[in-house]
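Taken together, the values in this text are just the output of simple stated rules run on the coordinates, not laboratory data. Because the structure is predicted, anything quoted here is derived from the model rather than measured.
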Amino acid sequence: MLRQLFQPNKKRYSDNKVELYRRIIRREAEIGGHLFGPVSAGARREFFCLDEHNWLWHEEWTDTAGVRQTKTTRYYVTPDGIFKLQDGLPRHEVTGPEAKNFEAAVRLYVEQVRIELPNLM
């Protein structure tokens, strides 16, 4: 009986770990979304690293006709290159200025996350 009382609650620990992961991802997405200037009122922009290969750029806004628009771009990073998948279009390799811009965005993101994320924990 005493052993049961002092056993860590694995489910609670697991739930806490999942919630912490979600909070970190949300904060990283917010940090990344503000790297490229202010976000308009009523709009949302996120840029974050999902895992070791996937980076996401997500935007939501209301167009001039009052219709809500969204665009999600996934950058898949491999040793062979950076590949872009966007809203159901065929994937293509990112090269030239777009690749340089992506690499600069990643560096800036990592720098900002290192500065701001410790405050979350």
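If you line up the long axis of helix 96-116 against the longest principal axis of the chain, both from Cα atoms, how many degrees apart are they, to the nearest 10?
So the inclination is approximately 30 degrees.
Provide the per-residue ³J(HN,Hα) series for region 35-41, in order, calculated from phi with Karplus coefficients 6.51, -1.76, 1.60 and θ = phi - 60°, each as a whole number of Hz, with x at glycine and proline positions.
Calculated HN-Hα couplings, in order: 5, 10, x, x, 9, 4, 4 Hz.
In whole Å, what three semi-axes, largest first, describe the equivalent ellipsoid of region 10-119 built from its Cα gyration tensor (square root of 5 times each eigenvalue)?
They are 24, 20, 15 Å, listed largest first.
Throw me the Rg/Rh for region 24-75, computed over C-alpha atoms with Kirkwood Rh, two decimals. Please list the in-between numbers first.
Values: Rg = 11.7 Å, Rh = 11.5 Å.
Expressed as Rg/Rh, it is 1.01.
Roughly what angle does helix 10-33 make with the longest principal axis of the chain, taking Cα atoms, 0 to 90 degrees, to the nearest 10?
Value to nearest ten degrees: 20.
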